[in-house]
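Below you'll find the structure, written out as structure tokens, and then a few comments.
The values are calculated or read from the model by the stated rules, or taken from the named source; none is laboratory data. None of these values were measured; they are calculated from a predicted model. Heads up, the Cβs are rebuilt from the backbone with ideal geometry, glycines too, and the neighbour counts pull from every protein chain shown.
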Amino acid sequence: MITEEERQSIINEAVEKALLRLPEIIGNLMMNQANLLKLNRTFYEKHKEFSARKDVVASVVEKLESENPGLEYSKLLDKAVPLIKEQLKTGSKLDLATVSKPNLKLPSLTDHGEL
């Protein structure tokens, strides 16, 4: 069994090592974030038609990420382009402005009124 002094010494050393690694970890995270930002900018510059529908792009990319874990992000974006185009084409055919009210009168239940 270790003494309280040895235990505290081990804890202090572990904390010191963790704190010394923080700048390296934060630096890597910042580089990764900058790289993703650059890839996204390049993607939207290359495909300007997607800029107005970033919600569709995000949805398709998220779906592909879940289906292809570990796939490099740039390859994932390349793989997403045809799916995004298909999604946008399908969505453009939908008429979201015209809404018709269904007939709520049931002929067989005329004495019960309207639903």
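Worth a mention:
- Residue ID - surrounded by the fewest Cβ atoms within 10 Å (Cβ to Cβ), chosen from residues in region 1-52 that are not in a helix (DSSP H, G or I) and not β-branched (V, I, T): M1
- Scanning region 10-61 for residues that are in contact (Cβ under 8 Å) with a residue 24 or more places away in the chain, touching a helix residue (DSSP H, G or I) at 6+ places or on another chain (Cβ under 7 Å) and of a type outside the set (V, I, T) yields L36, L39, F43, H47, F50, R53.
- All conditions but one from (1) under 22 Å from Q33 (Cα atoms); (2) part of a helix (DSSP H, G or I) apply to L71; the one that does not is (2).
- Those residues of region 87-114 which are in contact with a helix residue (DSSP H, G or I) (Cβ under 9 Å, 6 or more places away or on another chain), closer than 22 Å to E49 by Cβ and modelled with pLDDT under 80, in sequence order: G91
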